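See below for the structure under consideration.
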Amino acid sequence: MILIVAEKAIAGQRISSILAGHDVPVSMERGAKFFSFEQGDKQFITVPLRGHVVNVDFPTRYAYWIGTDLRILAKADVEYKDSEKPILDFLRDIAKDVDQAIIATDNDREGESIGFEAINALKDGNSEIKVKRALFSAITPVDIESAFDSLVDADENLSDSADSRREIDLVWGAVLTRFLSIVSGRMGKEFLSMGRVQGPTLALIVNREKERLAFDPKKYWELAAVFSKDKSKFEASHKNGRFWDEAKANKAFDCKKPPEGKVTKVTKKKRVLKKPLPFNTTSFLTSATSIGFTAGRAMQIAESLYQSGFISYPRTDNAVYPASLNLKEILTKISRVAELKDAVNKVLALDKIVPSKGKSTKDHPPIHPVSAVSKQKLSPEHWKVYELVCRRFLATLAEDAITENLSVEIDLNSQLFVATGQVFVKKAWKELYPYSKANEVFLPPLSTGDAVALEKLDKLSKQTTPKPRYSQGSLIKKMSELNLGTKSTRAEIIQKLLARKYIFGKKALEPNKVGFAVIEAIEEHSPIVSKSDMTARIEKEMDLVAEGKKTKEFVVNESRNELSSALDKLLEHKADVGSHIRKALRSDSILGECSAKDCDGELLIRRGRASGKRFLGCSNYPKCTNTFPLPQKGPISPLPEKCSQCGNLMIHVGAGRRRFKMCIDHNCPSKEEWKKRAEAKDKKSG
């Protein structure tokens, strides 16, 4: 019997059905799913896993945070423990009947590690099993059949590389998280997490915020004019651009009388707008976040579309389509999608299809569609990502866009103004890819010597602005540049920082006071934890493991030594670190002054010892027992105004579109409308 190891159930079923030539139903035995089919005289069984089926963890004697010496923990051995026992027991039971095992998990380091977890379980029951690897970048009949016709040896070095990351991240994460949580007194559900990649990533966000806070804005002035010719109005701005001296701006502003200008120069130029590069993981996530997705959600959906056989593998650094990829065949397939048909036909109508090229790697192909699926068969979110991938693919195959750009200089009483226009000569890829704006600015026909009337002239007072906060997309791009994490983990790291409430915001990532304090304390006492060069260096070491040039044990022990050195410095200053973070925690939990009569306390966000639920309580407890219930989900921040009906504190709850204002007093008359809505909702549902 030949056993195939798939990463997830949906992939296992598709692979089995493709190889069998018909739909293969799922079977279940002792809690484990499998797919059984025949191919000629060969019997196959496909066992899907659930991602990793073995956890990397410390022995149970290190489970207690208080009382465990962190210096010992940094050097402690780790264990690989079954996390999906029914699946692993099933593999061990059937191993005696297996002649060959084929790893058909995702074609990357993590997939190789997951595959070997299953192989190790099989070899517990049959050490003679032959092991092969099926390599593919899309779950389509062509790709799967080709992969199984040309099996290769499984790569244990690649698996070791992934496992070295798991061990390193476990040790760094456990030691740093326990240290910060213990010294700050933040234990339980709201512990303070920290890790090898989390630290430098949070430092990027905090340091950008520090730049913004330290930024000294400078005032400047601009002159904006509206001219007209033959009743057609158009905008222009002073050729000088920004005036840093208001006196000079005022002098230039005096040019408005008499209100007539003269065209002194007309320049026409054609500009080529290069078509975009094929999607790699970083550029895909950057684009997906720009249309409203979080990086984590975008990757989840892309993985689902891959497992379903609609797009190629979404974890890749490659931005060059391989010569073997049949572009016209893919175009023909997706032309069956009604919403894409017209766009596809425009590409197929080209005399020659030449794709754009970015950085080439020995990785998976760029992310691209591999089969057609109708909009009706996908959820709105899945369709949005599928369409993004398809349209990016089409844009990379289209022609470059061409614009005609017009620059017109106008002399207004010896002050020069410039009007610019842009029209498309050829929209090309811009017509197929609506995520990139195709702006056109039309000017009336203007020639040198023409007179134009000044309709309006404004002096605009402005000031310089700091660098913007990182978005999820721009942060992932920066992480990629600094080699922080991998294409597979960057979105997860950002999600962890959001989940631990170090940062908040959907479009712009902003650190809270605790995030600030953690990075400030680390940078002062053990800066290696927040520096990207340490993490990037370890990433390169893990690459050497994959290449067989270093062993997993050597690289893991090397990183443990670095951690021990960093920990020694933190322990030496643990009192300062703890004090700094506790001050931030207290400051972050204060929402306002206590409203009880004759009380000078502050209302703090607290949690009940038994229930764990958050509420507002007075800092003067037990002298003052003033309390208010709070919503249990979403970030909470105080508002400057007081409730117009009861005078109590007003707060913001939630983030983004779900953010709302409320009075903290549940007995406030303002809550009557809420109660009416709730009652109406209950009646409707009843």
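Points to keep in mind about this one:
- In this structure, ALA224 and LYS507 have a Cβ-Cβ separation that, at R0 = 41 Å, corresponds to a calculated FRET efficiency of about 0.90.
- For the range 1-101, the normalised intensity computed at q = 0.12 Å⁻¹ comes to -0.52 (log10 of I(q)/I(0), Debye sum over alpha carbons, equal scatterers, no solvent).
- Relative contact order (%) - the chain, alpha-carbon pairs under 8 angstrom, separation at least six: 13
- Compactness of the chain as Cα Rg over 2.2 N^0.38 Å, two decimals: 1.18
- Each stretch of four or more DSSP H residues adds -39500 (n - 2.57); spread over every residue of the chain, this sum gives -12500 deg cm²/dmol at 222 nm.
- Residues of the range 96-127 with amide N under 17 Å of a point placed 7 Å along Cα→Cβ from ASP41: 99-100
- The modelled label-to-label distance for the pair LYS661/ARG586, using points 7 Å beyond Cα in the direction of Cβ, is 3.1 nm.
- Of the cross-linked pairs LYS219/LYS456; LYS189/LYS550; LYS375/LYS633; LYS496/LYS676; LYS210/LYS357, those separated by over 29 Å at the C-alpha level are LYS189/LYS550; LYS375/LYS633; LYS496/LYS676; LYS210/LYS357.
- The range 515-602 gives an Rg/Rh value of 1.27, both radii derived from C-alpha positions and Rh following Kirkwood.
- Highest average packing first - 165-171, 233-239, Cβ atoms within 10 Å: 165-171, 233-239
- Whole-number Å³ per residue for the convex hull built on Cα positions in the range 292-345: 126
- Once the C-beta distance of ARG61 and ALA20 is scaled by a Förster radius of 56 Å, the resulting FRET efficiency is 0.70 to the nearest 0.05.
- In a fully extended conformation the segment linking PHE442 and SER290 would gain 52.0 nm over its present Cα-Cα distance, using 0.36 nm per residue.
- Taking GLU404, GLU520 and counting other C-beta atoms within 10 Å, the order from fewest to most: GLU404, GLU520
- Segment LYS265-LYS362, extension gain: residue separation times 0.36 nm, minus the distance between their alpha carbons: 29.7 nm
- Under the membrane-span-like helix rule (DSSP H runs whose alpha carbons stretch at least 27 Å along the helix axis, mean Kyte-Doolittle hydropathy 0.0 or higher), the chain yields 156-184.
- The order of THR396, THR289, going from fewest to most other C-beta atoms within 10 Å of their C-beta, is THR289, THR396.
- Ranked by how many other Cβ atoms sit within 10 Å of their own Cβ, fewest first, the residues VAL373, VAL5 fall in the order VAL373, VAL5.
Only the coordinates and a few stated rules stand behind these numbers; no lab work does. Remember, predicted model here, so these are calculated numbers, not experimental data. Quick reminder, even Gly has a Cβ in these numbers, built from the backbone with ideal geometry, and neighbours come from all protein chains shown.
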